[in-house]
Amino acid sequence: MSAEIVKKKLILSFSPELAELPITYHLVKDFDLVVNILRAQISPEKEGRLMLELEGEKGKLERGISYLQSNKIRVDSLEKELFHDKELCVNCGLCVGVCASRALVLDENDELKFIKEKCVMCGICVKVCPRRAFKIEL
Amino acid sequence: MVRTIDEINEKIEKDEVVVLTAKEAYDLVKEEGVKKAASKVDIVTTGTFGAMCSSGVFLNFGHTEPPLKMETITLNSVPAYGYIAAVDAYLGATARSYENPEYGGAHVIEDLLSGKRVRLEASGTGTDCYPKKDIDTKITLDQINEAIMFNPRNCYQNYAAATNSSGTRLYTYMGALLPKYGNVNYATCGMWSPLLKDPEYRTIGIGTRIFFGGSIGYVAWHGTQHNSAKPRDENNLPIGPAGTLALIGDLKSMNKRYVRGAYFEGYGVSLMMGVGIPIPVIDEDMMHQLSLGNEDIKTVIVDYSVASRSRPIVREVSYQELRSGFVEIHGKKVPTGSTSSWALAREIATIVKQMILEKRFFLSEPVEPLPKDRIVKPLEVRRR
């Protein structure tokens, strides 16, 4: 019986002195996890933030998160989601050009398609939408 | 081959009319050529949907007891222009609420159309015939006498696309423009756009019956900033902003799907309007114009980082390239975004076709043609 594979989006917050810690290396090597960095904000002498997607066996993923926490890294699970209100949307596509992760695209019928898996929650669409059709929800 | 409006209307009456949308006409001409298509097709329907700032409604509220001459007027805290007799007002789409900068005239129009109650506050000085000095009440669209939408400038024939070469993000009526050519935003609906399909205004003129916000409306005049003398390219098309239309219609009979308030971050409020115009295939030349596609229709990309009346042109581009999702600027692949809804433009063109087939829409001959020699003058600021 193979172990259950799970995927989780996380936000890691760590103090400046922890910036040197090679966490992605340990997550891959010691816990056999697939690490996908979605966003990174690390600047000297400031709190760093990393948005990661981790994928792996359920038990290993949990141990990986414990490892991060034992190193004084705050781990918040990313349960927020971008919500696209189709009733408000007029399918103009003003959000398409500013969506760096290409989670928002116009399909062959000129209609807006929101590909949730690609969204990195940057929130720029919330700001640029003239119809206020996007909301970030918990 | 020559066809008159009267002949086409007779065909509508007899269920013999052949109507295609702009895309269907494009496909047919590709397959069969202009000559054959012109002999078959009577009407081609066009449509557009996008932010049209120069819009608004004339409202007549009716008289109170005792009467009031309304001078300062707000609707949901959005100022409207009084000073038109006693109880007439003009609510401009871009007027902003004193309380919420993201809400404005366009949203009041959308709320009225949705059947919502809107707060009306008005005051005047009080005269012998209008003794009352102020009111604070709620109105609905059904309850007031008239709501005449009159938009001084809609349906831009073509429009420049926008980009930003500077190092900071810009917020414009063309949306957010990311630094260092981070994106390109464009307006108009390309091959769906009414005035790009009749570029010489041969069939669209004063009095032309149109689909306006889900109802029937009319071309009232040429629009403000009507730049009809703009040079044309080999396809007879202007590259960049040219002709415009002033449109009139009854807000009470419109459909809120095609009349929507909009807020552009850092710019303000605008109204998104849906307009459709059926174009009669009066001859083969008309069919040729109607068959042009996004690859044939071009505009310019201008740099909005220069905050001046005349902004530098970055390059010329076709709507086909803009629509592909990326354009090339200085060797870089730049993502594009649109301020107009091509999905709704297509929907409107399809509805107009259906209305004609169901005899709910007959074509009209223009009362007068639109002027073809107009240019846009700048305003020079002079001291004395």
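Just a few scattered comments:
- In the stretch A:69-79 there is no residue matching the filter, namely being within 14 Å of another protein chain (Cβ to nearest Cβ), surrounded by 13 or more Cβ atoms within 10 Å (Cβ to Cβ) and on the phi < 0 side of the Ramachandran plot.
- Among residues of the stretch A:102-138 being touching a Phe, Trp or Tyr at 6+ places or on another chain (Cβ under 6 Å) and closer than 14 Å to residue A:80 by Cα, the one that is farthest from the other protein chains (Cβ to nearest Cβ) is A:137.
- Selection within the stretch B:351-382: residues that are within 21 Å of residue B:26 (Cβ to Cβ) and surrounded by fewer than 17 Cβ atoms within 10 Å (Cβ to Cβ). The member of this set that is farthest from the other protein chains (Cβ to nearest Cβ) is B:357.
- Annotation: of all residues in the stretch B:159-171 being in contact (Cβ under 8 Å) with a residue 40 or more places away in the chain and within 11 Å of chain A (Cβ to nearest Cβ), the one that is surrounded by the fewest Cβ atoms within 10 Å (Cβ to Cβ) is B:171.
- Residues in the stretch B:1-46 that are of a type outside the set (S, T, N, Q), under 30 Å from residue B:270 (Cα atoms) and touching a Ser or Thr at 6+ places or on another chain (Cβ under 8 Å): B:22, B:44.
- Restricting attention to the stretch B:220-273, the residues that are surrounded by 22 or more Cβ atoms within 10 Å (Cβ to Cβ), within 14 Å of chain A (Cβ to nearest Cβ) and either more than 16 Å from the chain's Cα centre (by Cα) or closer than 21 Å to residue B:206 by Cβ (or both) total 2.
- Of the criteria (1) under 15 Å from residue A:117 (Cα atoms); (2) within 13 Å of chain B (Cβ to nearest Cβ); (3) surrounded by fewer than 20 Cβ atoms within 10 Å (Cβ to Cβ), which one residue A:86 fails: (1)
- When B:156, B:186 are checked against the criterion of being within 14 Å of another protein chain (Cβ to nearest Cβ) and either within 23 Å of the chain's Cα centre (by Cα) or surrounded by fewer than 15 Cβ atoms within 10 Å (Cβ to Cβ) (or both), a single residue qualifies: B:186.
- Considering residues of the stretch A:42-68 that are touching a Phe, Trp or Tyr at 6+ places or on another chain (Cβ under 8 Å) and in a helix (DSSP H, G or I) only, the residue farthest from the other protein chains (Cβ to nearest Cβ): A:63
- Count - residues of the stretch A:52-93 that are more than 30 Å from residue B:263 (Cα to Cα) and not hydroxyl-bearing (Ser, Thr, Tyr): 22
- Selection status of residue B:373, of a type outside the set (Val, Ile, Thr) and touching a strand residue (DSSP E or B) at 6+ places or on another chain (Cβ under 6 Å): no
- Considering the stretch B:24-48, the residues that are surrounded by fewer than 17 Cβ atoms within 10 Å (Cβ to Cβ) and in contact (Cβ under 8 Å) with a residue 40 or more places away in the chain include one that is farthest from residue B:213 (Cα to Cα), namely B:35.
- Picking from residues in the stretch A:89-101 that are touching a Lys or Arg at 6+ places or on another chain (Cβ under 7 Å) and among the hydrophobic types (A, V, I, L, M, F, W, C), the one that is farthest from the other protein chains (Cβ to nearest Cβ) is A:89.
- Top-ranked residue in the stretch B:291-346 [being among the charged types (D, E, K, R) and part of a helix (DSSP H, G or I); ranked as farthest from the chain's Cα centre (by Cα)]: B:321
Laboratory data are not the source of any read-out in this text; all were calculated from the coordinates shown. Here the structure is a predicted model, which is why all the values come from computation and not from measurement. Because the Cβ atoms are built from the backbone with ideal geometry, glycine has one as well, and the counts that use them run over all protein chains shown.
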